[in-house]
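Heads up: the structure comes next, in structure tokens.
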Amino acid sequence: MRFALLAAALLSSLALCASAAEKTTLRLGDVKGDRFISLRASGQLDNLPYDLKLTSFDSGAPVQEALNAGALDVGFTGDLPFLFVFAAGAPVKAVDAWQNNPDSIALLTRPDSGIRSLKDLKGKQIAVNRGGWGHYLLLGLLERAGLKPDDVTLRFLGPVDGHAALASHSVDAWAAWEPYISSAIVIDKDVLVPQGGGNGILSGYSYALARESALADPAKRDAIADLMTRLAKAQTWAARHPQEFSHALSASLGFPEPITARWITSARIRPVDFNPRVAATLQQSADFFYEKRVLPKNVDVSKAFDYSLSRGANHVAASEGAK
């Protein structure tokens, strides 16, 4: 009897060890960590049935590079950086989406720059992130103002260098997004260039991207689907608790709370129903970038999406009245 009990205990212990050894790890890349922070602050990271390893980046392009190199399983980034790596054949698919207020991606300038309208951009030097939100926004604004890309000088800089270039008077304007906009307005007293009316030029969509190798692994696939549901719940929590979320962002990222409060008020992030209508906005962006010779070839994005992992997240979005 004693031997049988010892054997049973040993087998149970071995089973637990095997279970722990087999626990799936998702390698996640985020931009500035704001999605991860909403997951943590809302309690959605409690009792995860898998391990989550986070790497934070300053912008979407390095997230894409890490995904393409196989250093990440999942990455959070804007829609436009994804467009370029997909066009280049990266083994990555969009598996979920959420939306920022499109007007929270904007053109900044200094009060002494002499830029009071879009027409005043002519002859100016402007910092943009190549192939990203800033680049797309600026081309759209120039078109809205009746100007051509050759009417300005583009400086292709990442967000940190773009901010430094505007502050040092190396450029006259900078196309940026949150939280860089709120930081520049609150701390540097920069101002927004009026966008000339009309609807926002950008869709405001951001994506969760997954490597095809992770999607082919059943355990990681289940973990990604679960993470998407948790993220939608976290974003809903953040929208309902702006003061708590602002405090969490400030504590985690080291930004003063006036910046984080303005950031979340400006961005108004919300989960959306992830369906082919989202893909249609990326196709529109692909066509526009091809027309402007930013993309070297015309791209069909229909195969860039996997809608099968977003069922739980879509349910959360629908319960919030997302369209």
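The values are calculated or read from the model by the stated rules, or taken from the named source; none is laboratory data. Nothing here was measured: the structure is a model prediction, and the numbers come from that model. Cβ: placed from backbone, ideal geometry, glycine included. Neighbour counts: every protein chain shown. For accessibility, only protein heavy atoms count, side chains too; no ligands or nucleic acids. Shrake-Rupley method; radii C 1.70, N 1.55, O 1.52, S 1.80 Å.
The string of couplings for segment 64-73 from the Karplus curve (6.51, -1.76, 1.60, θ = phi - 60°) is 4, 4, 5, 5, 5, 7, x, 7, 10, 9 Hz, one whole number per residue in order, with x for Gly and Pro. For the chain, the relative contact order comes to 24 percent (Cα pairs under 8 Å, sequence separation of at least 6). With both labels modelled 7 Å from their Cα along Cα-to-Cβ, the residue 187 to residue 300 distance reads 4.7 nm.
In whole percent, how big is the carbon plus sulfur part of the accessible area of the chain, probe 1.4 Å, protein atoms only?
53
Between the residues 78, 99, 66, the greatest Cα displacement towards the positive end of the dipole of segment 50-107, with unit charges on the Cβ of Lys, Arg, Asp and Glu, is found for 66. Springs between Cα atoms under 10 Å define the GNM used for the chain, and in it the highest mean-square fluctuation of 82, 255, 274 occurs at 255. Estimated from helical segments only, the mean residue ellipticity of the chain at 222 nm is -14500 deg cm²/dmol, where each DSSP H run of four or more residues counts as -39500 (n - 2.57). Here the Karplus curve 6.51 cos²θ - 1.76 cosθ + 1.60, taken at θ = phi - 60°, turns the phi angles of segment 290-296 into couplings of 5, 4, 8, 6, 8, 8, x Hz, with x standing for Gly and Pro. According to the square roots a ≥ b ≥ c of the eigenvalues of the Cα gyration tensor, what is the shape class of segment 172-323, taking rounded for a/c under 1.5, prolate for a/b larger than b/c otherwise, and oblate for the remainder? The shape class here is oblate.
Placing 229, 153 in order of accessible area, with the largest value first and a 1.4 Å probe, yields 153, 229. Please compute the net charge surrounding residue 309, taking Lys and Arg as +1 and Asp and Glu as -1 over other residues with Cβ under 10 Å from its Cβ. Summing Lys and Arg as +1 and Asp and Glu as -1 gives -1. Here the Gaussian network model covers the chain, with springs between Cα atoms less than 10 Å apart; of 137, 253, 80, 253 fluctuates the most.
Our note on the geometry: Cα centres of segment 248-323 and segment 202-224, 13 Å apart.
Note on residue 243 and residue 46: their simple-model spin labels are 2.1 nm apart, each label 7 Å out from Cα toward Cβ.
In this rough spin-label picture, where each label sits 7 Å from Cα along the Cβ direction, the residue 156-residue 257 distance is 4.2 nm. According to the square roots a ≥ b ≥ c of the eigenvalues of the Cα gyration tensor, what is the shape class of segment 264-323, taking rounded for a/c under 1.5, prolate for a/b larger than b/c otherwise, and oblate for the remainder? Because a/c hits 1.5 or more and a/b fails to exceed b/c, segment 264-323 counts as oblate. Among 127, 87, 216, the largest mean-square fluctuation in a Gaussian network model of the chain, built with springs joining Cα atoms closer than 10 Å, belongs to 216.
Amide H contacts under 5 Å for residue 78: 60, 207, restricted to partners 5 or more places along the chain or on a different chain, H placed in the peptide plane at 1.01 Å from N. With the Cα gyration tensor of the chain giving a ≥ b ≥ c as the square roots of its eigenvalues, does the rule (a/c under 1.5 for rounded; else a/b larger than b/c for prolate; else oblate) give rounded, prolate or oblate? Note, shape of the chain comes out prolate. Rounded to the nearest 0.05, the FRET efficiency derived from the C-beta distance between residue 143 and residue 287 at R0 = 22 Å is 0.95. Accessible surface computed residue by residue for the chain, with neighbouring protein chains in place and a 1.4 Å probe, gives 46 Å² per residue.
Each residue of segment 23-34 is assigned a 3J(HN,Hα), and the resulting list reads 4, 6, 10, 9, 9, 10, x, 10, 8, 6, x, 5 Hz, derived from the Karplus form 6.51 cos²θ - 1.76 cosθ + 1.60 (θ = phi - 60°), x at Gly and Pro.
Close amide-amide hydrogen proximity is noted between residue 25 and 51, each under 5 Å apart and 5 or more residues distant or on a separate chain (H modeled in the peptide plane; Pro and chain starts excluded). Count Lys and Arg as plus one, Asp and Glu as minus one, and take only other residues whose Cβ is under 14 Å from that of residue 212; the net charge is then +2. Annotation: lysines with alpha-carbon distance below 21 angstrom to residue 148 (same-chain offsets under eight excluded): 119, 122, 124, 292, 297.
Going by accessible surface with a 1.4 Å probe and the largest first, 217, 190 read 217, 190.
Charge tally for residue 282 (other residues, Cβ to Cβ under 13 Å; Lys, Arg +1; Asp, Glu -1): 0.
About its Cα centre, the dipole of the chain is roughly 200 debye, where the only charges are +1 on Lys and Arg Cβ and -1 on Asp and Glu Cβ.
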